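**Q** Quick one: structure below, then a few questions.
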Amino acid sequence: MTETQRDLDDLRRRVHRLEAVVETSPDPMALKDDAGRYRFVNAATAEYLDREPSDVVGATDVDLFGAEIGRRIRRQERAVREIERTQTFEETLRVGGRERVFETTRSPYYDPTGDLAGTVTVCRDVTDRIARERTLETQRDQLATLNRINDVTRGVIRRLIGEPSREDIERSVCERVLESTLYQFAWIGAPEPAGERVTGVAGAGLDDDLREIIADADASEDSDQPLALAYYDAEPQVVENVSDHESLDADRREAFVERGVESGIAVPIRYGDATYGVLAVGSERPAAFSQPETDAFELLGEVVGFAIDAVNHRRLALSPTVTEVEFRLTDTDSFYLSLTEAFDCTLELEGMTPGPDGSLLFYDSVTDVDPDAVLAFAADWDGIEDARIVSDGPERTLFEFTATGASVVLALSEHGAHTTEAVADRGEGRIVAELPADADLRAVIERVRAAFPDVELVAKRDREREVRSAREFRRELSGRLTEAQRSALRATYFAGYYNWPRDSTAEEVADSLGIASPTLHQHLRKAERELLGAFFDDELGGP
């Protein structure tokens, strides 16, 4: 074999190895001439393009990807040929029916004579890597945003402690939200009693025109606007894209977009079963309110609701004078009125407390009625989930009713009123409640009547409030206890019987007092009954 023949064989082997590498590579590879026409493609290129290699050879990028992408690729190749240096680009191409991201390396190609003849292209599919990086970046941004929202919530809580009025609370919350620089505006408002407009708009980042636009929103109960849905459904409402949100009319959308607002959220301000209004926030970030961010704002709404509820009750507790209002009820859809009409009896509310899953527990005494008949009546009433007999005396029976839905007593409580008496007698009801002397009585009455049209205000009286000091409370309580009850209560308290875990058992305390354990329990039960009665009887005539 001649030396020339050996050189040719060696060249063929090298070419064969090179072809094997190129053809088995998962990365698309291609050779183009100076005019941008494909002269060679490997199997990976043809597979990505979903074509046969012979269909690709001779084509241009304009033929394969369209004019815009084709011209962009030609500019890249021209830059590589001009400087005769390898360059790397990131580009997005639609191949195989979906968008894919490639890290593309373009190098100059020389013919056997050494003249520049075109480019060699090697593409690496980095779609999955880019997706992971973008996911991590989004998660980092969301975490940073959530941390800033949590900072807002903590700052709001600190500032709420010292805010003396509801107006101060609402203004403080909106200002604190805007201090985070994440949002364009924040405001708090509530539907008017008639539900046609938004009232009490307090906010930050609002100009006069925007305030008027907000106030003119349809706030009726059947409205599909975010504020109304958040208020009546008690659920956060997220607007992902303001510019195409169908429930907002064109003028409203345009006003928000002009001010740089791309997305928004409306969350109810609630505490317990009371809804005090809606907190609305706008952001310049599109689709800004992820689920964690929504959850954070929902919590903020609950914090503000708690603060407003505390302010309402504090105002009433500290007010030296109160306004006493008396209402007459004749609503035939009321469980209590229907019950007393059906059995020709009298029912009196003794107390109420929150129950499970948003329900309320009402404790009512009923006179001159068969207890079993009342239980059967309650079982057929949609708004009563459960009923039981607490105690059955010769003249009256104390019931516990687990109720859902609205009630006049609850509506009064939501607006800072304290019910002192609630009686239903043979189909007619009477409710007496107290409000601070400086309360907006007209607004309270309008809201109650908006929910219960049959409620009639029959009397309004201003009176001085009896205020008892802690010393007077202890003196009155001491007068309600016998010496044995007072001794048992003091001994168990100082012996750590009420600690957990207990420092002393009932038997040990009884031995110290020289009495039997059952006797101690009897004294304690009666003393605790007097203590709790002294505390709760002021709330609403105890049983």
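**Q** How large is ³J(HN,Hα), in whole Hz, for each residue of segment 174-183 in order, when computed from phi with the Karplus curve 6.51 cos²θ - 1.76 cosθ + 1.60 and θ = phi - 60°, using x for Gly and Pro?
**A** Values, residue by residue: 5, 5, 5, 5, 6, 5, 6, 6, 8, 10 Hz.
**Q** Just need the relative contact order of the chain here, percent rounded to a whole number, with Cα pairs under 8 Å and 6+ apart.
**A** Answer for the chain is 9 percent.
**Q** Further question: Just one of (1) 202; (2) 147; (3) 292 is volume of the Cα convex hull per residue in Å³ as worked out from the coordinates here. Which one is it?
**A** Here the calculated entry is (3).
**Q** How many percent of the accessible area of segment 244-300 is carbon or sulfur, using a 1.4 Å probe?
**A** C and S atoms contribute 48 percent here.
**Q** Please identify every one of the GluC sites (Glu not before Pro) in segment 229-283 that sits in a loop by DSSP and has no more than 14 other beta carbons within 10 Å of its own beta carbon.
**A** Glu240, Glu246
**Q** Roughly speaking, what is the stretch gain from Asp333 to Asp208, that is 0.36 nm per residue apart minus the C-alpha to C-alpha distance, in nm to one decimal?
**A** Values: separation 125, 0.36 × 125 = 45.00 nm, distance 4.36 nm.
Full extension from Asp333 to Asp208 adds 40.6 nm.
**Q** Output ³J(HN,Hα) for segment 324-341: one whole-Hz value per residue in order, computed from phi by the Karplus curve 6.51 cos²θ - 1.76 cosθ + 1.60 with θ = phi - 60°, and x for Gly and Pro.
**A** Values, residue by residue: 9, 10, 10, 10, 10, 10, 9, 5, 6, 8, 6, 4, 5, 5, 5, 4, 5, 6 Hz.
**Q** In segment 245-304, which trypsin sites (Lys or Arg not before Pro) fall in coil by DSSP and have 10 or fewer other Cβ atoms within 10 Å?
**A** The qualifying sites: there are none.
**Q** List the residues, sorted by chain then number, that are 5 or more residues from Asp386 or on another chain and whose placed amide H is less than 5 Å from its amide H.
**A** Thr402
**Q** Something else now. If we sort 415-427, 395-407, 274-286 on the protection proxy, mean other Cβ atoms within 10 Å, highest first, what's the order? If you can, show how the numbers build up before the last one.
**A** Values: 415-427: 19.7, 395-407: 18.2, 274-286: 21.7.
Packing order, densest peptide first, comes out as 274-286, 415-427, 395-407.
**Q** What's the ranking of 77-88, 321-332 by average number of surrounding C-beta atoms within 10 Å, highest first?
**A** For the peptides 77-88, 321-332, the packing ranking is 321-332, 77-88.
**Q** Would you kindly derive the ³J(HN,Hα) couplings of segment 290-295 from the backbone phi angles with the Karplus curve 6.51 cos²θ - 1.76 cosθ + 1.60 (θ = phi - 60°), listing them in order in whole Hz, with x for Gly and Pro?
**A** Result, rounded to whole Hz: 5, 4, x, 5, 4, 4.
**Q** Taking the Cα centre of the chain as the origin, how large is its charge dipole in debye, to the nearest 20, when only Lys and Arg (+1) and Asp and Glu (-1) carry charge on their Cβ atoms?
**A** Numbers: 64 positive and 110 negative charges, 533 e Å.
In debye, rounded to 20, the chain gives about 2560.
**Q** Relative contact order for segment 362-430: what percent, with Cα pairs under 8 Å and sequence separation of 6 or more?
**A** 28 percent
**Q** How high is the FRET efficiency from Glu137 to Arg75, r the C-beta distance, R0 22 Å, rounded to 0.05?
**A** 0.15
**Q** Where the centre of each part is set by its Cα atoms, how far does segment 383-397 sit from segment 51-111, in angstrom?
**A** After rounding, the separation between the Cα centres reads 83 Å.
The values are calculated or read from the model by the stated rules, or taken from the named source; none is laboratory data. Since we're looking at a predicted model, the values are computed, not measured. So basically every Cβ, Gly included, is an ideal-geometry build from the backbone, and we count neighbours across all protein chains shown. Each accessible area value is taken on the protein alone, full model and side chains, heavy atoms only, with ligands, DNA and RNA left out. Shrake-Rupley method; radii C 1.70, N 1.55, O 1.52, S 1.80 Å.
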